[in-house]
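Everything on this sheet refers to the single structure shown next.
Values quoted throughout were computed directly from the atomic coordinates according to the rules given, and no laboratory measurement underlies them. Please read these numbers as outputs of a predicted model, since none were measured by experiment. For neighbour counting, all protein chains shown are included, and Cβ atoms are generated from backbone atoms with ideal geometry for every residue, glycine included.
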Amino acid sequence: MGTGIIPPVATNLYDALHDDPPSIDTPGRILAIGAHPDDIEFGCGATIARWTSRGADAVFAIVTDGSKGTWDPDADPATVASTRSKEAESAGAVLGASVVEHLGYVDGDLEYSMDLRARTAALIRRHRPDVVLSHDPWQRYQLHPDHRVTGFAVVDGVVAARDPHYFPEQEMLPHRPDALLLWSADEPDYIEPTTPAALEAKVAALLCHASQAETTMAGADRDEASREAFSHKIEAWARRAGHASGVESAEVFKRITP
Ligand SMILES: [Zn+2]
């Protein structure tokens with residue numbers, strides 16, 4: 001047995017033993033789970049807009065109340081949360097979501113727990129999505145703890161939702177989605193091309209989060225010029241993601257087959 005270059009092998013034997021995963025054209029049902037009220041829009045807004053425009057049913061679930069989402073030290077967290085909840089409803093409507101659910105955990109204080117895992121599993125069992133989208137918990141240098149915790153709770157919720165012996169007290173049938181797509185992935189391997197209309201919807205949905213314009217959108221709502229500049233940044237980001245993957249413009253994800 002000589003030495004030599006080791007040929008590439010699947011790093012996951014389970015994946016290697018199974019057929020290629022089904023292609024995602026336009027899923028019938030989508031469940032997107034974000035840590036904060038604007039994360040879904042940033043992570044996969046154009047993909048959702050494109051799929052819902054083709055008839056997909058989309059449900060959004062927002063894990064925390066967004067109550068720390070302000071730089072104003074005098075702001076009342078309950079008021080911030082209530083404003084952001086309304087903004088999320090408007091943004092969901094722009095992207096064609098039929099439901100926006102709020103799990104109501106306190107922003108910034110999210111901790112991994114079996115309760116949280118059970119909640120994400122129950123969301124999947126109740127809405128029975130073909131595709132689940134969320135944060136990539138393995139993204140290196142992801143600063144925000146809520147993003148990491150939400151990502152892990154969704155990944156683990158997908159595992160629990162598909163097998164009957166997890167959380168039997170939920171008294172819901174197991175459900176196995178076709179795909180789990182993780183945004184902000186270090187190693188994306190799934191490309192969803194974006195259309196101009198879908199990117200426009202993504203920008204419009206982000207701008208629904210007016211309370212966040214200063215903190216996370218570089219003052220996008222100050223005037224028309226700022227709005228244009230913000231829109232161009234979103235488009236440029238999608239072009240960069242697309243070019244790296246050989247298409248004009250895209251959102252990219254890590255795909256996991258549950
Ligand atoms: Zn966030």
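Structure notes:
- The residues of region 20-51 that are within 16 Å of the ligand (Cβ to nearest atom) and of a type in the set (G, A, S), listed by number, are A32, G34, A35, G43, G45.
- Considering region 126-151, the residues that are away from the ligand (no atom under 15 Å from the Cβ) and under 17 Å from A32 (Cα atoms) include one that is surrounded by the most Cβ atoms within 10 Å (Cβ to Cβ), namely V132.
- Region 67-125: number of residues that are of a type in the set (F, W, Y) and surrounded by 21 or more Cβ atoms within 10 Å (Cβ to Cβ): 1
- For the condition touching an Asp or Glu at 6+ places or on another chain (Cβ under 6 Å), of a type in the set (S, T, N, Q), under 22 Å from C208 (Cβ atoms) and away from the ligand (no atom under 16 Å from the Cβ), S90 does not qualify.
- Pairing each residue of region 236-258 that is in a helix (DSSP H, G or I) with any residue that is charged (D, E, K, R), provided the two are 6+ apart or on different chains, yields C-beta distances under 8 Å for A238/E251; R239/E248; A241/E251; G242/E248.
- Enumeration of residues in region 140-163 that are among the basic types (K, R) and more than 11 Å from L110 (Cα to Cα): R140, R162
- One residue stands out in region 126-159 among those that are within 12 Å of H175 (Cα to Cα) and hydrophobic (A, V, I, L, M, F, W, C): the one that is nearest to the chain's Cα centre (by Cα), namely V132.
- If you go through region 203-229 and keep only what is in contact with a Leu (Cβ under 8 Å, 6 or more places away or on another chain) and surrounded by fewer than 21 Cβ atoms within 10 Å (Cβ to Cβ), you end up with A213, D221, R227.
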